[in-house]
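**Q** Supplied in structure tokens, the structure appears directly below.
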Amino acid sequence: MQFKTLTMQKWTKLPLRPVKIGILLFDQFSNLCLANCLEPLRAANQFSQDPAYEWDLVTLTGGAVESSSGMPVLPNAALLECAGWDYLFIVASYGYREHDTASTRSALRRAAASTKTVVGLDTAPWLMASAGLLDGRRSTVHREVFDRFSETFLRLQTERQHVVSDGNRITCAGALSALDLTLDLITDHLGQAMRLDIAHLFLQPKVSPTTPPVQNPHKNRLIHRAMHLMRQTLETPLSVPKLAAALGCPAKTLERRFQSSLSAPPGKVYRHLRLSRAAQLIESASLPVSEIAVRCGYDSPSAFTRAFKARYGRAPTQAKSHKS
């Protein structure tokens, strides 16, 4: 799939069309696994000016299924009634051995042939492997199944990892790993700025992986500390030199670390966080624009309006009237 870059290659991106995803649910699937995929996608659509993702919930037959917690789900269609997805997410948890039938294997092979990338979540890699979709590939699976999986499918290169990507096959070890996987995909499609907003929405700042892993863990720690300090000082933003001094590092080091990991300088990330906070306040609080401007570090409502309009395409007053 081709993507059109906006300001910087990795900081902000815009897909030429919505990414289409099929989500295949098996009985006794993990509702947490499904939510950790769907909710970040929903949030990405909410934060985007145009919907970035479209998805279909499907089952093998088109009939309803139940999660492992007993929540019934009525799908949009049967698996083989749809085609042309960019991604097919297969979600299976308990009862995967009972689902591993000749008809399931045949359906998965046919669906994979018309899908660009197939993703197996939790125990679904077992079904993919049984259908021959992982032959010769690196893969992972839920840790409780891993040993049996490795012993059963000898043509696979199994790895004890949270997420393993090999060509157009991705396997994921469980519900929490599904969130990392989905954030990674959103970063690939929409850039680091979108990941930053979504990770902050769903995860605690002290532990959230707001950036993809980097080679040197010290880089990650510095960025985490910097963004934590940025969020604490949205109302009274620091200059980059003062920010670096508070973190105990040279300003050039801070600039270099942000650029290498986020493809954006710290000042741009800081401004992004301030405007994201402004959008949240417009959405959730009945405050005048002048008050929102002050709370987000702008001395002048006119300067705030210009910055907000440059990012969101409309003035704060227009956003408030749209909300009401």
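Every number here is computed from the coordinates shown, using simple stated rules; none is lab data. Every value quoted in this text rests on a predicted model; they were computed, and no experiment measured them. Don't worry about glycine lacking a Cβ; one is built from the backbone with ideal geometry, like all the others, and counts go over all protein chains shown.
**Q** Choose one of 178, 194, 77: the residue whose Cα lies farthest towards the positive end of the charge dipole of the chain (beta-carbon charges +1 Lys, Arg; -1 Asp, Glu; about the Cα centre).
**A** Toward the positive end, the furthest listed residue is 194.
**Q** A further question follows. Can you give the translational diffusion coefficient of the chain in µm²/s, computed by Stokes-Einstein from the Kirkwood radius over Cα pairs at 20 °C and 1.002 mPa s?
**A** 100 µm²/s
**Q** For a quick check: with amide H placed at 1.01 Å from N, whose amide H comes under 5 Å from residue 191's, ignoring anything fewer than 5 positions away on the same chain?
**A** It is 13, by chain and number.
**Q** Using θ = phi - 60° and the Karplus form 6.51 cos²θ - 1.76 cosθ + 1.60, what ³J(HN,Hα) does each residue of region 178-184 get, whole Hz, x for Gly and Pro?
**A** Working through the residues one at a time gives 4, 5, 4, 4, 5, 5, 5 Hz.
**Q** Let me ask another. Would you work out which of 260, 233, 312 lies farthest towards the positive end of the dipole of region 214-324, given +1 charges on the beta-carbon of Lys and Arg and -1 on that of Asp and Glu, about the Cα centre?
**A** 260
**Q** Rounded to the nearest 0.05, what FRET efficiency is calculated for residue 286 and residue 306 with R0 set to 22 Å and r the Cβ-Cβ distance?
**A** Computed FRET efficiency for residue 286 and residue 306 comes out at 0.40.
**Q** Go ahead and estimate [θ] at 222 nm for the chain from helices alone: -39,500 (n - 2.57) per DSSP H run with n ≥ 4, summed, over the residue count, rounded to 500.
**A** Roughly -14500 deg cm²/dmol at 222 nm, from the helical runs in the chain.
**Q** Let me ask something additional. ³J(HN,Hα) across region 161-170 via Karplus (A = 6.51, B = -1.76, C = 1.60, θ = phi - 60°), whole Hz, x for Gly/Pro?
**A** Result, ordered by residue: 10, 6, 9, 10, 10, 9, x, 9, 10, 10 Hz.
**Q** Using just the Cα positions, wrap region 3-189 in a convex hull and report its mean projected area in square nanometres, one decimal place.
**A** Taking the Cα atoms of region 3-189, their convex hull projects to 10.2 nm² on average.
**Q** About the Cα centre, and with charges only on the beta carbon of Lys, Arg (+1) and Asp, Glu (-1), how big is the dipole of region 214-324? Nearest 20 debye, please.
**A** Dipole about the Cα centre, nearest 20: 320 debye.
**Q** Further question on the same structure: List the residues, sorted by chain then number, that are 5 or more residues from residue 158 or on another chain and whose placed amide H is less than 5 Å from its amide H.
**A** HN-HN under 5 Å from residue 158: 139.
**Q** Given the chain, what percent of its DSSP beta bridges are antiparallel, to the nearest 5?
**A** The antiparallel proportion sits near 25 percent.
**Q** For residue 56, what residues show an amide H to amide H distance below 5 Å, using hydrogens built from the backbone and excluding near sequence neighbours?
**A** Close amide H contacts, sequence-distant or interchain: 21, 22, 23.
**Q** Just need the Rg to Rh number for region 95-140, please, alpha carbons only, Kirkwood Rh.
**A** Dividing the radius of gyration by the Kirkwood radius yields 0.93.
**Q** What pairs from 10/268; 268/309; 252/309; 20/268; 10/242 go past 19 Å between their alpha carbons?
**A** 252/309; 20/268; 10/242
**Q** With equal scatterers on the alpha carbons only and no solvent term, can you work out the Debye log10 of I(q)/I(0) for region 214-324 at 0.13, 0.15, 0.18 1/Å?
**A** Scattering profile of region 214-324, log10 relative to I(0): -0.53, -0.66, -0.86.
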